[in-house]
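K.L.:
Just dropping this structure here.
Just so it is clear, none of the values below were taken in a lab; they were calculated from the coordinates. Just so we're clear, the structure is a prediction, and the values are computed from it rather than from any experiment. All Cβ positions, even for glycine, are placed from backbone atoms using ideal geometry, and neighbour counts span all protein chains on display.
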Amino acid sequence: MALASSFNLTLLLPLVILGCLMAAACGNNFDEDFDITWGDGRGKIVDNGEALTLSLDKASGSAFQSKDEYLFAKIDIKIKLVPGNSAGTVTSFYLSSQGPTFDEIDLEFFGNLSGDPYTLQTNVFTRGKGNREQQIFLWFDPTADFHTYSILWNRRNIIFFVDDIPIREFKNLESKGNLFPKNQPMRLHSSLWNGEDWATRGGLVKTDWTQAPFTVTYKDFHADACIWSNGISSCNSKRPTDSDSDRHQRRFLFQELNEDSRSLMYKYQKDYMIYDYCHDFRKYVGVPPPECPNN
């Protein structure tokens, strides 16, 4: 069995490498893929580029961003969140463009008192307009080990995943009046910062700075993506061909949830969702945004 496994791996390795070259990024080297953008030394690339840590103390948090810009992508990264009493801390992981009419696709993790569940908030901004929050409790301890968090973004939909489980689907329903981010290239960002005024129980629970520095760790970044450079995308609009490398590269451009995956998403939403903007009738005075009946 060992010989057979080695033989199969040898056959597959060239295809994997070719797929990485054809696609925007295979990732997994933070030195090559990211820049530390602020934090005065609190953000560090470690383990020969295989991992990255961000830290927060009372003076400052820290952040990093991708060197590349993307116009559509499937992003995966493993994160181990701040352990212990993390109340008031916010770990943000998101795609964002620049300018006052920015587009953004957000994952935000709200720390909590030790033993309480972490809250994961997702949001979508288009042309500077957001207010599309959903919140769920994570159903595991995200500080005990690494878990994979993913964003799929193409012209058809945005899908958020936790350990390959879809937790939210945001469809492109421009024909029904909603806004959808599809024209502005975005960089991938992550930051660890102090949100004690609002993050944990609406700001009722403050940060215990005796626990600082707070640290979050990242590893195993991977992106299948269309890199945007000098106004040109590395992808075209054609459907995948019969080429293995081309199919690997462009599969995410047409990916959607099937019936089974959507049923799984509904199950987790039913069990763990604690807020959905589409059901916030005080905010929308009884009239939800036009995309809500279909999202």
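K.L.:
Please list 3J(HN,Hα) in residue order for region 169-186, calculated via the Karplus relation 6.51 cos²θ - 1.76 cosθ + 1.60 where θ = phi - 60°; whole Hz, with x for glycine and proline.
P.N.:
10, 10, 7, 7, 10, 4, 5, 9, x, 8, 9, 9, x, 8, 10, 9, x, 10
K.L.:
Rank Ala199, Ala59, Ala51 by mean-square fluctuation in a GNM of the chain with C-alpha springs under 10 angstrom and give only the top-ranked residue.
P.N.:
Of Ala199, Ala59, Ala51, the Gaussian network model singles out Ala59 as fluctuating most.
K.L.:
If you place +1 on the Cβ of every Lys and Arg and -1 on the Cβ of every Asp and Glu, how big does the dipole about the Cα centre of the chain come out, in debye to the nearest 20?
P.N.:
In total the dipole reaches around 840 debye.
K.L.:
Output ³J(HN,Hα) for region 36-43: one whole-Hz value per residue in order, computed from phi by the Karplus curve 6.51 cos²θ - 1.76 cosθ + 1.60 with θ = phi - 60°, and x for Gly and Pro.
P.N.:
6, 9, 7, x, 6, x, 7, x
K.L.:
Let me ask something additional. Order of Trp209, Trp228 from fewest to most other C-beta atoms within 10 Å?
P.N.:
In order of increasing Cβ crowding within 10 Å: Trp209, Trp228.
K.L.:
Of the candidates Ser62, Ser96, Ser261, which one comes out as most mobile in a Gaussian network treatment of the chain with C-alpha springs shorter than 10 Å?
P.N.:
Ser261
K.L.:
A further question follows. Name the lysines eligible as straight-distance cross-link partners of Lys219: C-alpha to C-alpha under 26 Å, and not fewer than 8 places from it in the same chain.
P.N.:
Candidates past the 8-residue exclusion: Lys44, Lys58, Lys67, Lys74, Lys78, Lys80.
K.L.:
Still on this structure, please answer the following. Springs between alpha-carbon atoms under 10 Å, Gaussian network over the chain: tell me which of Lys129, Lys176, Lys58 tops the mean-square fluctuations.
P.N.:
Maximum among the listed residues: Lys176.
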